[in-house]
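Data first, discussion second: the structure below is written as structure tokens.
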Amino acid sequence: MDKELDKLTVTMNLIHDIFNIDYTTFDRYEDIERFCSDNRVIDAQSWLTEDALKLILDKSHHDNVNYFEDILHVRIILFYYEDKPVILGPYLAEEMTIGRSIQICNKIDRKNMDAQNLLIYYGRYPVIHESIMEKILRGILRSLDLENLTEHYTAYKDEKNEDIYDNELVKMSNANLETHYMTERQYMDAIKRGNTQEVLHYRKLLSENASGMWTKKFNMEDQRLGLAVNRAMSRIAAYEAGVPAPIIHKITTKESKAIAAAQSEKQMIDACETMLKEFCEMVRSIKNEKYSAMTQSIMYSINQNYMNELTIKDIAKELSITESYMIAQFKEETGITPAVYLRKVRLKKAAGLLISTNDEIQKISGSVGIPDANYFVKLFKDEFQMTPGAYRKSYKI
């Protein structure tokens, strides 16, 4: 007997070392109690209670490989070796995202369930897809001379002893997930093309798909979590398209702060769409200009902050490079210095305001970062070969 149990120990330890999946054997009630205590969800109930596990053990088949999945989609596999129950797991058969956690919390309708805490709980367990688990189990059973065992599957049942997962609903859910993941891919590809219209279209589809997949309407916190997932996807797509990391960080940080401060769903969606438009604009700029990451970062910083009291020294400090190096590299790529580029941006913005508003010259000059109106008029005339007043008269909308 001891020799046989040593065979079990060697086999299961090997599986643990390779796949990081635990195994447990039960000799007494205290073993069940300890197993349940180690794996219980703090703010939700699942089958991982002493009574539930004892029920599983009672209903399991000694001549079967017994598969169990609880309401949180956590799995164990139970089989008997020399009349001793052996549990493989717990483990997950799929990656769990924050969106999936929200879906599960909504489906089981537990008011004290928190999707973020549930995601942390899922992080305790290895993810082993079904095809891999089949091979693992086949190897275990072959090693232990248990190849003749048949399979038996049990899903979680609720208090009314009704199946939580109806087969047709599961099929529909899987189909919806397939559609959702395909749309995510199309969404990211649209960002990489810099096509704003397509990106906004696919973002709307993703939102509609998600609404159809979840059983309850999202509250504000759920919306924020969903947009955090969207932000991560968008960031990856922008980076793959060549948008420099510093620019991505600035754009997503701005969106994250806006969403955190939002008081309505519309404000959150507006912040998300602003981020996407900026990403698409940057992608198109990269495709057209082919500037280095540093030069693109300088341009982005200027375009975002031209209205403020901005100096070239400030930009160099932000990018952690010397001012002289920044000026030399920028001029080599663009033919002008960062200071000249800043001035051109300010004057171009001012020209747009001259023909689209009735604001006074002094107000316009101040709004583009040139507080001295007389100096502004001089710069404007040098750039456009006419005064601001003449420009407005010629091109006023």
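Miscellaneous remarks
- Per-pair calculated FRET efficiency, R0 = 51 Å: residue 17 and residue 198 via Cβ, rounded to 0.05: 0.60
- For segment 174-288, lysine pairs with C-alpha atoms less than 22 angstrom apart, excluding pairs fewer than eight positions apart on the same chain, total 22.
- Accessible surface of segment 238-281, 1.4 Å probe, proportion on carbon and sulfur as whole %: 55 percent
- More than 19 angstrom apart: percent of Cα pairs within segment 293-395: 44 percent
- Estimated inter-spin distance, residue 340 and residue 25, nm [label 7 Å along Cα→Cβ]: 8.0 nm
- For segment 174-288, a/c is not less than 1.5, where a ≥ b ≥ c are the root eigenvalues of the C-alpha gyration tensor, and a/b does not top b/c. That puts it in the oblate class.
- Accessible surface computed residue by residue for segment 293-395, with neighbouring protein chains in place and a 1.4 Å probe, gives 56 Å² per residue.
- Cα gyration tensor category, rounded, prolate or oblate, for segment 315-364 with a/c compared to 1.5: prolate
- Distribution of pairwise C-alpha distances over segment 345-397, 5 Å bins, in %: 4, 25, 38, 27, 6, 0
- Ligands, DNA and RNA aside, residue 337 has an accessible area near 40 Å² when probed at 1.4 Å.
The values are calculated or read from the model by the stated rules, or taken from the named source; none is laboratory data. Computed from a predicted structure; not experimentally measured. Cβ atoms come from the backbone with ideal geometry, glycine included; neighbour counts cover every protein chain shown. Calculation scope for accessible area: heavy atoms of the full protein, side chains included, ligands and nucleic acids excluded. Shrake-Rupley method; radii C 1.70, N 1.55, O 1.52, S 1.80 Å.
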